[in-house]
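The values are calculated or read from the model by the stated rules, or taken from the named source; none is laboratory data. Note that this is a predicted model, so its numbers are computed, not measured. Please note: Cβ atoms are built from the backbone with ideal geometry, for glycine as well, and neighbour counts cover all protein chains shown. Surface areas here come from the heavy atoms of the whole protein model, side chains and all, with no ligands, DNA or RNA. Shrake-Rupley method; radii C 1.70, N 1.55, O 1.52, S 1.80 Å.
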Amino acid sequence: MNKRIRNPLQRWFRHRRALPHTPLHQTFLSEAEFRKHLRKAYVANKRHGKRVCFALLELNELRQCRTYVENKWSRRTELRIIAQVARLIEHDHSPGEITTQNERGEWLILMPDTRLRNARRRLRLLSRHIASHPFRIANEFVRLTPVIGFASMAQCRSISDLVYKTRLALDYAATCLASRPVAFRTELEAAKTTLRTNKLFINFAERTRLPFQILLSFMVAWLIPFFVYGAFDQMGADIAWISYSLIVAGLCITAVFIWIETYLAFGAQEAPAKPAKPYPPASAIIAAYLPNEADTILETLDHFLGISYPNSLQVIFAYNTPNDMAIEQDLMVLAERHPNFLPYRVHGSTSKAQNINAAKGRCTGEFVGVFDADHWPDSGSFERAWRWLSNGFDIVQGHCLIRNGDDSWVARMVAVEFETIYAISFPGRAALHGFGIFSGSNGYWKTELLHRTRMDQFMLTEDIDSAFRVVNAGYKVASDRDLVSRELAPTKLQQLWSQRLRWAQGWLQSSIRWCMPSLTSGRLSTRQKFGIVHLTVCRELYAWVPIQMFPIITYWGSRNGWEIINWLVPIFVALLFTILTTIGQITATYFLAHPTVRNRRWWWWYPFVAFVFYSGFKNLITRVAHVKELMRDRVWRVTPRTRHAHVEPVGGKGYNG
C-alpha cells in the first residue's frame, strides 16, 4: 500500500487505541503489536493446547484493480473503503479477537480460543456482511468481493508456517473468487508442489480413466447386486424379491410424477401483465472462455448491443483466456463504439463462476441477466424479466431454445429435450414443489442478490448450487417458458457426453451439499422440502433403478432356470407404463413447445425412435458421474462451440428458425 494511504491509516489506528479502554476499541492493533499477540497465541497453543485460528482477508477489487479504483475516484478512496471494512469487521468480532492490516492491504485476524468450525462460521458471516454492504464512494455505491483464507495453528509447525498456509488458502480463494472462506487443507499444498511423474503413465491413466469408470459403474449396478443376491441365497434368504418390488414401485412412482408435472405445466403461472415499478437500468453478463468462444462471440455481442430496452442496458463480456488473442482488439474497438459495452478480462480465472463473480461488481443495473457466450435473448426479454422481478420475485429463469437443430441429429434430440425441460419440467415442478430452479443461463437476478449469493468455483455446476442456496434462503424463483434465449447445442455425441457428465456430477455435488440443510431449514415448507428430496435423492437414485432388472433376472434365471415369465409380468407392465408416460410427455411437450421447434415436425420423430437408447444413455452418464465423484475426479472439460450462421425468422414475429 502506498504511503499516502498507509500513513493516514496508521494515524486512524493510533486514534482508535487512544479511545477509552474497551474490548471493542482494542480490536485493531498496529502490525508490530499484532505480531506480539500472535507469538503469545502460538506459545499458548504449543504449550497448553489452546485452540487458535488465523485468517487473512482481502478485497478482490483492490487486489486485482487497485489502479482502476484510484483512477475512477481518487487515491484516498482506498482509505475510505478500508475504514468501512474495519467497521464491518468490528461489528461482529468475537471476544479476544484482534485485527490489523499489513502493507499488502491484507486484513490479519487472530481468533484465540476458537475452533476451526467456529472460525469458519464467524468468517462466513463476515464475508456475507462485506459482500452485501453498499460501500459509499463519492456519490455512488459499489459492491466489493471479500476473499478469505484461514488456518488452525494446530496444523502448523511455526508462525511463518501458519502465515504461509493461510496465504495459500487466501490465494486459492482469490483465484476462484470463492463465495465462502477457504480453510487450509493439505490438497492446497500438494497442488502447489510440482511432482515429477512419468508422463507416459499419466497419459495412459488419462486415456483409460473414463473406460474404467464406465466399467466400474456396470460392475456396481449389475455384478455386485448379482453376487449379493447369491450370497443371501446361500444363507437361505431371497432378498431379490425386495429389490424387485422396489424397482416396480420406483418406475411407477416416477411415471406418476411425470404425469403430474405435465398436467401442472399446462396451468403454469404466467408473467405479470405489467411491471410494478418503472423499468430501471439493467445489466447483462456474458461469461466465456475466450479460446473456445472466439468464433461466435462477436455475433453474440452484436445481438446483445442491438437489444432495445426502455432504460440503459449495460453489456459486460467477462472472459478468461490463457494467452492474449487478436480478438481482444476487436473487443476494445467495439467498446469505443458502444459506451454501454464493457469487455472485462478476468485474470487468473479458470471458470464461468469466477468470471461472473468478478463481473458482478461492475454491474450498474438494478437487475442483471446471466448468459453463456452463445445465447441470443429475444427482443423484449429484459422488459419481461423485470415484470417478474418487480412483482415480488428475486430470480426468473427463462426458456433456453436450441437454434442449431438442423446441424445434426444430436442437436435435434437436444432441441426436443430442451423443450421437455423448459416447457414441461421446469414450470410443472415449480407448480408442484413451490419453487423454481435457476439453470445457469438466461436467468435474471436482482443485482444485490447475485452479489450476495455469488457463484461457487468449487462446484461443477455453480448455477445449481446457487439455485439451492437462494431457495434455502427463502428467495422466490420463477420459471417462464416464454422468456426465450436461443443457444447452440452440441452437435456430436462425444460433446454431449462431456457436457452432460459435468452436469450430472455437478447435480450430485449440489444434492449432497443441500439435501440435509434443506430438510432441517426453518424457511422451507413441507411441500418445498418434499420438492428438494425429489430433486436430490430421488433424482440421483433413479439412474440405478431400471438397470437393476438385469441382475435380478440373471440371478433368478441362474437359480430357477429361465422359465420366469410370470416374474417378469409386473416389470413388463411397469416398463410399458413408463414408455407410455414418456410418449405422453413428448406429445404434451409438442403442444407447449416454442413454435420454432414445434414447426419442425420431423424433429419430433427422433425422441419416439430413440427414447429407449437416450434414456439409457442419460442414466449411464449419471451413474458414471457418481463413480467420478467417488474417485474425486472433478476435471471440467469445456464443451466446444461451433459457429452457426444467422437464421432468418419464420413462423411469425419474434421467432427464429
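Pairs needed: first member in the range 347-370, at positive phi and touching a residue at least 60 places away in the same chain (Cβ under 8 Å); second member anywhere, among the polar types (S, T, N, Q) and assigned to a helix (DSSP H, G or I); C-beta distance under 6 Å; at least 6 residues apart or different chains.
Gly348/Thr175
Within the range 291-317, take every residue that is free of Cβ contacts under 8 Å to residues at least 40 places away in the same chain and in a helix (DSSP H, G or I) and give me the one that is nearest to the chain's Cα centre (by Cα).
Pro291
Got at least one residue in the range 47-62 being part of a helix (DSSP H, G or I), touching an Asp or Glu at 6+ places or on another chain (Cβ under 9 Å) and at pLDDT below 80?
yes
Only one of (1) under 18 Å from Leu592 (Cα atoms); (2) part of a loop (DSSP other than H, G, I, E, B) is not met by Leu264, so which one is it?
(2)
Out of everything in the range 109-141 that is in a strand (DSSP E or B) and open to solvent by 20 Å² or more (accessible area, probe 1.4 Å), what residue ends up being modelled with the lowest pLDDT?
It comes out as Glu140.
Might you let me know whether the range 315-330 holds any residue that is closer than 30 Å to Gly428 by Cβ, touching a Phe, Trp or Tyr at 6+ places or on another chain (Cβ under 7 Å) and among the β-branched types (Val, Ile, Thr)?
no
Within the range 68-85, can you find the residues that are farther than 22 Å from His451 by Cα and either modelled with pLDDT of 85 or more or surrounded by fewer than 16 Cβ atoms within 10 Å (Cβ to Cβ) (or both)?
Passing the criteria: Asn71, Ser74, Arg75, Arg76.
Here are some conditions: (1) within 18 Å of Ser441 (Cβ to Cβ); (2) over 16 Å from the mean Cα position of the chain (by Cα); (3) surrounded by fewer than 24 Cβ atoms within 10 Å (Cβ to Cβ). Pro343 meets all but one. Which one does it not meet?
Just one mismatch for Pro343, condition (1).
Mind listing whichever residues of the range 425-445 are in a helix (DSSP H, G or I) and not charged (D, E, K, R)?
Ser425, Phe426, Pro427, Gly428, Ala430, Ala431, Leu432, His433
Residue-by-condition table, conditions (1) modelled with pLDDT under 85; (2) of a type outside the set (Asp, Glu); (3) surrounded by 15 or more Cβ atoms within 10 Å (Cβ to Cβ):
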residue	(1), (2), (3)
Asp302	no, no, no
Ile307	no, yes, yes
Pro310	no, yes, no
Tyr319	no, yes, yes
Ile327	no, yes, yes
Val333	no, yes, no
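May I ask you to verify whether Phe393 is assigned to a loop (DSSP other than H, G, I, E, B), at pLDDT 90 or above and touching a strand residue (DSSP E or B) at 6+ places or on another chain (Cβ under 7 Å)?
For Phe393, the condition - assigned to a loop (DSSP other than H, G, I, E, B), at pLDDT 90 or above and touching a strand residue (DSSP E or B) at 6+ places or on another chain (Cβ under 7 Å) - is met.
Considering each residue of the range 418-458, count those that are of a type outside the set (Phe, Trp, Tyr) and open to solvent by less than 10 Å² (accessible area, probe 1.4 Å), and give that number.
Final tally of qualifying residues: 17.
Under the condition of being part of a loop (DSSP other than H, G, I, E, B), among the hydroxyl-bearing types (Ser, Thr, Tyr) and in contact with a helix residue (DSSP H, G or I) (Cβ under 8 Å, 6 or more places away or on another chain), which residue from the range 481-534 is surrounded by the most Cβ atoms within 10 Å (Cβ to Cβ)?
Thr491
Being more than 30 Å from Pro551 (Cα to Cα), at pLDDT 85 or above, charged (D, E, K, R) and open to solvent by 40 Å² or more (accessible area, probe 1.4 Å) narrows it down to one of Arg180, Arg196, Arg167, so name that one.
Just one listed residue meets the conditions, Arg167.
Pull up the range 241-262, narrow it to residues that are surrounded by 14 or more Cβ atoms within 10 Å (Cβ to Cβ) and aromatic (Phe, Trp, Tyr), then point me to the one that is farthest from Trp388 (Cα to Cα).
Across the range 241-262, the extreme among qualifying residues is Tyr244.
I'd like to know if the range 401-412 contains one or more residues that are open to solvent by 20 Å² or more (accessible area, probe 1.4 Å) and touching a helix residue (DSSP H, G or I) at 6+ places or on another chain (Cβ under 7 Å).
yes
Here is a list: Gly380, Gly398. Which entry is over 30 Å from Asp171 (Cβ atoms), buried (at least 24 other Cβ atoms within 10 Å of the Cβ) and small (Gly, Ala, Ser)?
Gly398
Give the range 557-586 a look and list any residue that's modelled with pLDDT under 70 and small (Gly, Ala, Ser), or say none.
Matches in the range 557-586: Gly561, Ala574.
Name the pairs whose Cβ atoms lie under 6 Å apart, with the first residue in the range 239-250 and assigned to a helix (DSSP H, G or I), the second modelled with pLDDT under 80 and buried (at least 19 other Cβ atoms within 10 Å of the Cβ), and 6 or more positions between them or separate chains?
Val248/Ala574
For the range 36-59, enumerate the residues that are surrounded by fewer than 18 Cβ atoms within 10 Å (Cβ to Cβ) and among the basic types (Lys, Arg).
Across the range 36-59, the qualifying residues are Lys36, Arg39, Lys40, Lys46, Arg47, Lys50.
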